[in-house]
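Read the structure below first, then the notes.
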Amino acid sequence: MNIHEYQAKEVLRKYGVPTPKGQVAYTPHEAVQAAQGLGGKLWVVKAQIHAGGRGKAGGVKLARSLDEVEGFAKNMIGMTLVTHQTGPEGKVVKRVYVEQGTNIKKELYLSVLIDRATSRVTFIASSEGGVEIEEVAEHHPERILKVAIDPASGMEPFHSRKLAFGLNLPKEMHGKFDHFVNALYHAFCDTDASQLEINPLVITGEGELLALDAKFNFDENALFRHPDIQGLRDPDEEDPLEQKAAKFGLSYVKMDGNIGCMVNGAGLAMATMDIIKLYGGTPANFLDVGGGANREKVTEAFKLILSDPNVEGILVNIFGGIMRCDIIAEGIITAAREVNLHVPLVVRLEGTNVDLGKKMLASSGLAINAADNLADAAEKIVKAVKRKAA
């Protein structure tokens, strides 16, 4: 789960991470009031969406008067901001963050994440702040420093020293930096985050360290422990179909293709999408109904796939272990009748009660095409979709 920049900074401030003062605004008038409350003669107006690259897309503006604050807010609120992370469809800006201007002396990059290769919380730092870290990694990998934290010992002083030397920080700033990275580490661990990015981390002209931008991503499996974090969710920033799927405990990710997939098990779902591509098709979604789904859950999953107007065919690939094939068949039949199935449907069932499941599908009176194996299923659904399009 992602949250907005202003929310991320609120969380960080609770752990003692220094950030510029700011206030969120939903209208140009509120933006002016925020600037007046902050005081000073320089403000930054930032569009709030769940995506990076806002500055390059015109979503971050430096205002030197209240009139400019109002003008920038008026232009941003309601605009569709397109960045390299939003895709061509962009995201609609519904709020801005008005922040005090900062006297920036140097920009750095610092993030904390779970390194899947080592299963450790890892700091990633670079002296190249304010730009996409992917570009630095591609063109100047030597400028990226990684420091992994042993979970048995936790954060130790030598970790922050290694990062500080790697960033070429002056010795008089090492104490402040040690406080900064320890606060980040505790914020990351305490909230069950999966990624925390500070880009840029700035050294000000006054010799202070500030998190000028902040992005938080949280492990959704741990949100039950953090109702305060869960309360920061912004449904407007999430795909409506993915929101609906979450209500029924379904793992669903919308994609750009036209063949809907319903599978049990994440690995099997990935293999199903791969083999659809192999046979010349394009998957419309990742959908894992899980190992213990009931008839109602399967029905909702099926209806969810069909609610995507881009879907021109459906492949159901189920290996019945904990989940019985007759339960899957019952859910498919119920959903197909409720939504008036109008696209080709190929079903591959294996496992517990597979013969009963196939018998139920065959006697349903619905246009369901059974498959003998996964390759047969992929070939049949791709051909059926292409034939329908022709």
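The values are calculated or read from the model by the stated rules, or taken from the named source; none is laboratory data. It should be emphasised that the depicted structure is a prediction, and the values quoted were computed from it without experimental measurement. Cβ placement follows ideal geometry from the backbone for every residue including glycine, while neighbour counts extend to all protein chains displayed. These area figures cover heavy atoms from the full protein model, side chains too; ligands, DNA and RNA do not enter into them. Shrake-Rupley method; radii C 1.70, N 1.55, O 1.52, S 1.80 Å.
Details
- Tallying residues that are of a type in the set (Val, Ile, Thr) and either modelled with pLDDT of 95 or more or outside any loop (DSSP other than H, G, I, E, B) (or both) within region 78-92 yields 2.
- Taken over region 229-245, the residue count meeting the criterion of being loosely packed, with under 15 Cβ neighbours inside 10 Å, touching a helix residue (DSSP H, G or I) at 6+ places or on another chain (Cβ under 9 Å) and closer than 20 Å to GLU5 by Cβ is 3.
- The C-beta contact set for region 303-315 (first residue open to solvent by less than 10 Å² (accessible area, probe 1.4 Å), second residue among the hydroxyl-bearing types (Ser, Thr, Tyr), distance under 8 angstrom, 6+ apart or interchain) comprises LEU304/TYR252; LEU315/THR272.
- Summed over region 3-30, residues that are under 23 Å from ALA183 (Cβ atoms) and either in contact with a helix residue (DSSP H, G or I) (Cβ under 7 Å, 6 or more places away or on another chain) or open to solvent by less than 50 Å² (accessible area, probe 1.4 Å) (or both) total 19.
- Some residue of region 132-152 being surrounded by 10 or more Cβ atoms within 10 Å (Cβ to Cβ), part of a loop (DSSP other than H, G, I, E, B) and among the aliphatic types (A, V, I, L, M): no
- Region 196-208 - residue that is open to solvent by 10 Å² or more (accessible area, probe 1.4 Å) and not in a loop (DSSP other than H, G, I, E, B) and, of those, nearest to LEU113 (Cα to Cα): GLU197
- Number of positions in region 31-49 that are open to solvent by 30 Å² or more (accessible area, probe 1.4 Å) and in a loop (DSSP other than H, G, I, E, B): 3
- Considered as a group, the residues in region 319-337 that are among the charged types (D, E, K, R) and touching a helix residue (DSSP H, G or I) at 6+ places or on another chain (Cβ under 7 Å) include one that is farthest from ILE305 (Cα to Cα), and that residue is ASP326.
- The lone criterion from (1) more than 30 Å from PRO235 (Cβ to Cβ); (2) modelled with pLDDT under 90; (3) surrounded by fewer than 24 Cβ atoms within 10 Å (Cβ to Cβ) left unmet by ILE318 is number (3).
- Annotation: of all residues in region 119-131 being modelled with pLDDT under 90 and either touching a Cys at 6+ places or on another chain (Cβ under 6 Å) or at negative phi (or both), the one that is least open to solvent (accessible area, probe 1.4 Å) is GLY129.
- Tally, over region 75-118, of residues that are farther than 30 Å from PRO170 by Cα, of a type in the set (D, E, K, R) and open to solvent by 70 Å² or more (accessible area, probe 1.4 Å): 3
- Checked against (1) of a type outside the set (A, V, I, L, M, F, W, C); (2) within 28 Å of PHE177 (Cα to Cα); (3) buried (at least 18 other Cβ atoms within 10 Å of the Cβ); (4) modelled with pLDDT of 90 or more, ARG54 passes all but condition (4).
- Residue check, ALA375 surrounded by fewer than 20 Cβ atoms within 10 Å (Cβ to Cβ), farther than 16 Å from PHE248 by Cα, at pLDDT 85 or above and in contact with a helix residue (DSSP H, G or I) (Cβ under 7 Å, 6 or more places away or on another chain): yes
- Tally of residues being buried (at least 24 other Cβ atoms within 10 Å of the Cβ) and in contact (Cβ under 8 Å) with a residue 60 or more places away in the chain across region 265-290: 3
- Criterion violated by GLY59 - all others in (1) in contact with a Ser or Thr (Cβ under 7 Å, 6 or more places away or on another chain); (2) buried (at least 21 other Cβ atoms within 10 Å of the Cβ) satisfied: (1)
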